[in-house]
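Trainee: After the structure tokens below, expect a handful of questions from me.
The values are calculated or read from the model by the stated rules, or taken from the named source; none is laboratory data. Source: prediction; values computed, not measured. Note that each Cβ is placed from the backbone with ideal geometry, even for glycine, and that neighbours are counted across all protein chains shown.
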Amino acid sequence: MSPRIALVTGGTGGIGRETCRQLARAGLRVVAGDLPADAARLADFQETMVGLDVIFQPLDVADPTSCAAALAAIERSHGPVDVLVNAAGITRDATLRKMSREQWDDVLSVNLDSVFTLCKLVVDGMCERGFGRIVNISSVNGQTGQFGQTNYAAAKAGMHGFTMALAREVARKGVTVNSVSPGYIRTAMTEAMPEDVKQQVLAMVPAGRIGEPADIARAVVFLCDGQAGYLTGVNLPVNGGLFISF
Ligand code: CAA
């Protein structure tokens, strides 16, 4: 049987990259979609994928034309996408008083509009074939808000609404739609935080450590499993206890 095809956006980033690795280890053919990379970054990415069925596909999630072209290229070379992991995300942190329209638009476009664009491109095919897994990588900050992140928190909270609504629309077709909400994970995104804020946040994590990309990838693989068909419309928080709720 040919392997299922997964597309992971932000596939060369911290969480995206480890998700590609773990999905490939679980037996999927994985396409890592990300902005066109320079030779050095691409070589570094490929080095971490040696022996794994992972292919790089240039993709700008903020550009619907690029998304459509990438999906067509994937379908031509490998077949239709069975699993979509929306992991592409950026921050443009600033208090609302200082936030520019551009900072707002950039974050909403990459983190939320892209989810609409890509889900729309794959969902018909998934429904027709009677199988699909969509996982949206949100954030603890979409549940709690965070100082300096009105744009990011709005986009990440928006993902939850989108997840719940689409889950209802496609549940009868064998397609599940879920969110994973990471806490603070060791990636370039959290590296860029001011050191004092990072220390303040870490002090509030009951697990006593920053999360690793593997902590998130494990949750994604769980939700993408062929046997996870009754698990839909769920948000799975993976935050070391930073935000505990029912
Ligand atoms: N709570 C309350 N007050 C705070 C505060 C906080 N957390 N942080 C700053 N302030 C106060 C300051 O003390 C200062 O007060 P005064 O004006 O009275 O002196 C004021 O707010 C500063 O406001 P400014 O608008 O001037 O802020 P700034 O330009 O210095 O920077 C910031 C603000 C950009 C938000 C900066 O603090 C920052 O980058 N914070 C990190 C935000 C963050 O946590 N980002 C997470 C990135 S990782 C991620 O997002 C991954 C994920 O999903 C978890």
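Trainee: Exactly one condition in (1) free of Cβ contacts under 8 Å to residues at least 12 places away in the same chain; (2) in contact with a Ser or Thr (Cβ under 9 Å, 6 or more places away or on another chain) is not met by Thr9; state its number.
Mentor: Among (1) free of Cβ contacts under 8 Å to residues at least 12 places away in the same chain; (2) in contact with a Ser or Thr (Cβ under 9 Å, 6 or more places away or on another chain), the lone unmet condition for Thr9 is (1).
Trainee: Looking only at segment 170-188, decide whether some residue is under 21 Å from Thr12 (Cα atoms), of a type in the set (D, E, K, R) and touching a helix residue (DSSP H, G or I) at 6+ places or on another chain (Cβ under 8 Å).
Mentor: yes
Trainee: Could you check, for segment 180-201, whether at least one of its residues is at positive phi and modelled with pLDDT of 95 or more?
Mentor: The answer is no; no qualifying residue exists.
Trainee: Filtering segment 73-90 down to residues that are in a loop (DSSP other than H, G, I, E, B) and away from the ligand (no atom under 16 Å from the Cβ), which residue is nearest to Val61 (Cα to Cα)?
Mentor: In this case the residue turns out to be Val81.
Trainee: Among the residues of segment 164-195, which ones are under 18 Å from Val220 (Cα atoms), within 16 Å of the ligand (Cβ to nearest atom) and β-branched (Val, Ile, Thr)?
Mentor: Val180, Ile185, Thr187
Trainee: While we're looking at this one, here's another question. Any idea how many residues of segment 26-44 are part of a helix (DSSP H, G or I) and either at positive phi or touching a residue at least 60 places away in the same chain (Cβ under 8 Å) (or both)?
Mentor: Count: 0.
Trainee: To continue, here is another question. Which pairs do you get when a residue that is free of Cβ contacts under 8 Å to residues at least 60 places away in the same chain, found in segment 191-211, comes within reach of a residue that is loosely packed, with under 10 Cβ neighbours inside 10 Å and among the aromatic types (Phe, Trp, Tyr), reach meaning Cβ atoms under 6 angstrom, with the pair 6+ apart or on two chains?
Mentor: Short answer, once both residue conditions are applied: none.
Trainee: With the structure loaded, tell me whether Leu202 is surrounded by 15 or more Cβ atoms within 10 Å (Cβ to Cβ), of a type outside the set (Lys, Arg) and more than 19 Å from the chain's Cα centre (by Cα) or whether it fails that test.
Mentor: The answer is yes for Leu202.
Trainee: What do you reckon, is Gly240 near the ligand (Cβ under 10 Å from one of its atoms), surrounded by 15 or more Cβ atoms within 10 Å (Cβ to Cβ) and more than 27 Å from Met99 (Cα to Cα)?
Mentor: No; evaluated as a whole, the condition is false for this residue.
Trainee: Can you tell me which condition Lys198 does not meet? The list is (1) outside any helix (DSSP H, G or I); (2) of a type outside the set (A, V, I, L, M, F, W, C); (3) touching a Phe, Trp or Tyr at 6+ places or on another chain (Cβ under 9 Å), and all the others hold.
Mentor: All conditions pass for Lys198, except number (1).
Trainee: Here's another thing I want to ask about it. Taking segment 113-144 as the region of interest, how many residues are more than 15 Å from Leu166 (Cβ to Cβ) and either away from the ligand (no atom under 16 Å from the Cβ) or without any contact (Cβ under 8 Å) to a residue 40 or more places away in the chain (or both)?
Mentor: 6
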